[in-house]
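Only one structure is covered here, and it is reproduced in the block below.
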Amino acid sequence: MDAKLLVEIRTYGQIFSNSPNEKFLLMILGSQAKLENDNRGINVKRGLRTKIEMGLWSGVAPSGISTRNRWIKSAKLSLIQRAPIVNKMFEKVAYEHYSGRKPYNWLKFELNFHTRGNKPLTLPGIYRILDNLFYY
């Protein structure tokens, strides 16, 4: 606005022109929105940290784990639904020397294994499962 490249800013409820008072009000409104956004991020991190300290699982459960609730406790890992398939995949990788596309082809074509969203498991998804420390 000071360089005369922008004449005014129109929002749903207001119009800000090149006057000192309106530019000051726009700066205050922008700063307030930034403060609220930063505080929301701090509150989310605090909430996640509290859940972890309580021994709850935060986030989406890994593939092969089925839960009745969004948060699962370590003691509730008996709710395993597709874990035998994931366990068999680890055994095939370890003992039968499966690598690359072999576990992918086994899961997709022989077992018709799908993710929670009822989509076929992808090759990068298999590598994510194999690299995930949760399964160890």
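The values are calculated or read from the model by the stated rules, or taken from the named source; none is laboratory data. Quantities reported herein were computed from a predicted structural model and do not represent experimental measurements. Note that we place each Cβ from the backbone using ideal geometry, even for glycine, and neighbour counts take in every protein chain shown.
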Can you find a residue in the range 67-80 that is in a helix (DSSP H, G or I), on the phi < 0 side of the Ramachandran plot, modelled with pLDDT of 80 or more and exposed (fewer than 14 other Cβ atoms within 10 Å of the Cβ)?
no
Where residues in the range 107-136 are among the hydrophobic types (A, V, I, L, M, F, W, C) and touching a helix residue (DSSP H, G or I) at 6+ places or on another chain (Cβ under 7 Å), which of them is nearest to Val60 (Cα to Cα)?
Ile129
Suppose the filter is among the charged types (D, E, K, R) and within 33 Å of the chain's Cα centre (by Cα); does Glu22 pass it?
no
